[in-house]
Amino acid sequence: MEPDAPHMEAPAAGPPVGEVVTTAARLHQLGAAWEALARRDPDARIFQGYAWLSTWLRYHPHAQPAIFTTWRGERLTAALPLCVHVVGRPPLRLRLLRFASDNDCDYCDALADPHHPRDLADLWSALLQRRDWHLLDLRHVRAGSHLASLLATPPAHLRIERQHQEIAPYLDLRFDWQETVARGQRPELLRRRRRLGERGTVTFDVASCPSEVDQMLAQLAALHTARWQSRQETSVFRFPAYREWLRELCHRLLARGELYLCRLALDNDPVSLGLYFLCGHRLLCYTSTFNDAYSKFGPVHLLLLAVIEDARGRGLACVHDFGRGGEDYKLRWTHDAEPLERLLIARRTLAGRAAFWWAARVKTLCWRHHRLGTALRELRRRLALCREGQP
């Protein structure tokens, strides 16, 4: 797919001036300038957009934003949305910088004005020279992204490690799906769709108004919670704050024409639901789930088939982006994937070494052992539910 053309504007005049945004209120004041920069940046994703970041900060009041920006007059030319995470206690109190909302994002990156590409490089250099952090832990970074390119020549006074984190599969929608999926999968998909249709009336809907968004989100949350509970795990939809954040975000994206919330149903009974975002010519799958009663039909694959046919038929997107994670169901559709990296940058001090060891070795060990990582995530979520007074 050809990259989206940047929004063409004349270069800004004046010298670059830096600012670190530390409150959600200040970010709100920058909304128009932030959105203008995101439109100009051909590599921007929805996770770096103003709607995403401002909504996330509103529902995470304890987050400590540290959003590094560069201005030329009234024009924002570079932005790196980070948050401060403080761990440990004196005398070993560690200050980490991570992307804002990184746990809820598929891709993380900075924003850069194509007319002033050097401004981001200078912003990055200034950040690396600061002494008020011990570790930069930057996750879900695309291999060809702005920040990945800036690390091509790492400074000697810092310890840097680039870890392969996972992959993000994608499907080129300019071709018929039957030309790209495995040969044996084509008749099976069509057979399962035909069998489901023999049970009743099959419909595929995309939310087009706020009431439909609320209805589909409620159904998605109920099915997601039930499926995770069947595996003795806690769905993130158990948390009211998460549901409220996602609801407000979806309403904002609907108004911007960037929401694609869809449902496959049999006689009005939900079979599968998917929450997607439209970003330029990319249709990104954020999350999906299905009704266990229809598991024998392969409901996730039937939903994918309906989404792909709808997107191609209406010319909505050129790429179906499966998001981060190389799950088997994604790789049944495509073997094209973008690598995602984790960038770890630590100071060569005692505190920096401690922060690096914890993040690069202990956390990585947990992630590599699926059962251990799942158990720790489940423990955190159940403790959080207990603090909220939920059973």
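Read-outs: derived from the displayed coordinates by stated rules, not from any lab. Computed from a predicted structure; not experimentally measured. Here the Cβ is made from the backbone with ideal geometry for all residues, glycine too, and neighbour counts use every protein chain on show.
What is the dipole size for the range 288-391, taken about its Cα centre, with +1 at each Lys and Arg Cβ and -1 at each Asp and Glu Cβ, in debye to the nearest 20?
Working: 19 positive and 11 negative charges, 177 e Å.
Using Cβ point charges on Lys, Arg, Asp and Glu, the range 288-391 gives about 840 debye.
Shown here is the pair-distance distribution of the range 175-317: with all Cα-Cα distances grouped in 5 Å bins from zero up to the longest one, the shares run 2, 9, 18, 21, 20, 16, 10, 4, 0 percent. Considering only A346, A221, A32, the Gaussian network model of the chain with Cα springs below 10 Å gives its largest mean-square fluctuation to A32. Summing Lys and Arg as +1 and Asp and Glu as -1 over all other residues whose Cβ lies under 9 Å from the Cβ of V206 gives a net charge of -2.
Sorted from fewest to most neighbouring beta carbons within 10 Å, what does the list C279, C386, C318, C108 look like? List each step's numbers first, then the result.
Numbers: C279 22, C386 10, C318 17, C108 26.
Fewest-to-most ranking of C279, C386, C318, C108: C386, C318, C279, C108.
If we sort 377-384, 299-306 on the protection proxy, mean other Cβ atoms within 10 Å, highest first, what's the order? List each step's numbers first, then the result.
Details: 377-384: 13.2, 299-306: 21.9.
Result, highest mean Cβ count within 10 Å first: 299-306, 377-384.
Report the trypsin sites (Lys or Arg not before Pro) located in the range 52-148 that are in a DSSP loop and have at most 15 other Cβ atoms inside 10 Å of their Cβ, or state none. List each step's numbers first, then the result.
Numbers: sites: R58, R72, R75, R93, R95, R98, R118, R130, R131, R139, R142; in loops: R130, R131.
Filter output for the range 52-148: R130, R131.
For the range 99-115, the Karplus equation 6.51 cos²θ - 1.76 cosθ + 1.60, evaluated at θ = phi - 60°, returns couplings of 4, 4, 6, 4, 5, 9, 10, 8, 9, 10, 5, 8, 10, 9, 7, x, 7 Hz by residue, with Gly and Pro reported as x.
Suppose every K and R has +1 on its Cβ and every D and E has -1 on its Cβ; what is the size of the dipole of the range 175-317 about the Cα centre, in Debye to the nearest 20?
Details: 20 positive and 16 negative charges, 81 e Å.
Roughly 380 debye, rounded to the nearest 20.
Note on the chain: with charges restricted to the Cβ of Lys and Arg (+1) and Asp and Glu (-1), its dipole about the Cα centre is near 1620 debye.
Positive contributions from Lys and Arg (+1) and negative ones from Asp and Glu (-1), summed over other residues with Cβ under 12 Å from the Cβ of F297, come out at +4.
Here the extension length gained between T153 and S230 equals 22.9 nm, from 0.36 nm per residue of separation less the Cα-Cα distance.
The trypsin sites (Lys or Arg not before Pro) of the range 156-252 that DSSP puts in a loop, and whose beta carbon has at most 15 other beta carbons within 10 Å, are R174, R183, R199, R231.
Could you work out the local net charge near T287, counting Lys and Arg as +1, Asp and Glu as -1, over the other residues with Cβ closer than 11 Å to its Cβ?
Working: positive: none; negative: D104, D106.
That works out to -2.
Screening the chain for DSSP H helices whose Cα atoms reach 24 Å or more along their own axis and whose mean Kyte hydropathy is at least -1.0 gives 210-230, 370-387.
Near E338, the amide H atoms lying under 5 Å from its own belong to A168, Y170; only residues 5 or more places off or on other chains count, and H is placed 1.01 Å from N.
Inter-part distance, the range 322-391 to the range 13-62, computed on C-alpha centroids, equals 26 Å. Per-residue Cβ neighbour counts within 10 Å put E19, E74, E198 in the sequence E198, E74, E19, beginning with the fewest. Put simply, the amide H of L76, placed in the peptide plane, has no neighbours under 5 Å, leaving out anything fewer than 5 places away on its chain. Residue by residue, the range 139-146 carries 3J(HN,Hα) couplings of 9, 6, 9, 5, 4, x, 6, 4 Hz when phi is fed to the Karplus relation 6.51 cos²θ - 1.76 cosθ + 1.60 (θ = phi - 60°); x denotes Gly or Pro.
Tell me the relative contact order for the chain as a rounded percent, counting alpha carbon contacts under 8 Å between residues six or more apart.
20
Between V213, V87, V319, the GNM of the chain built on Cα springs shorter than 10 angstrom shows V87 fluctuating the most.
Determine, for C366, C285, the number of other Cβ atoms within 10 Å of each Cβ, and report the residues in order from fewest to most.
Numbers: C366 14, C285 20.
Fewest-to-most Cβ neighbours within 10 Å comes out as C366, C285.
Within the chain, DSSP assigns beta bridges of which about 90% are antiparallel (rounded to the nearest 5). Extension gain for R371 to Q163 (0.36 nm times residue separation, less C-alpha to C-alpha distance): 72.8 nm. Along the axis of the charge dipole computed for the chain (Cβ charges of +1 for Lys and Arg, -1 for Asp and Glu, origin at the Cα centre), the listed residues G389, L278, L173 are led at the positive end by G389. A Förster radius of 51 Å combined with the Cβ-Cβ distance from D132 to T180 puts the calculated FRET efficiency at roughly 0.55. The candidate values were [x] 94, 46, 38; [y] 65, 51, 39; [z] 63, 59, 41; the one computed from these coordinates for Cα extents along the principal axes in Å carries the label [y]. Placing a pseudo-label 7 Å from each Cα along the Cα-to-Cβ vector at H28 and E244 gives an inter-label distance of 1.5 nm. Dimensions of the range 201-248 along the principal axes, based on C-alpha atoms and rounded to the nearest Å, stand at 33, 30, 9, largest first.
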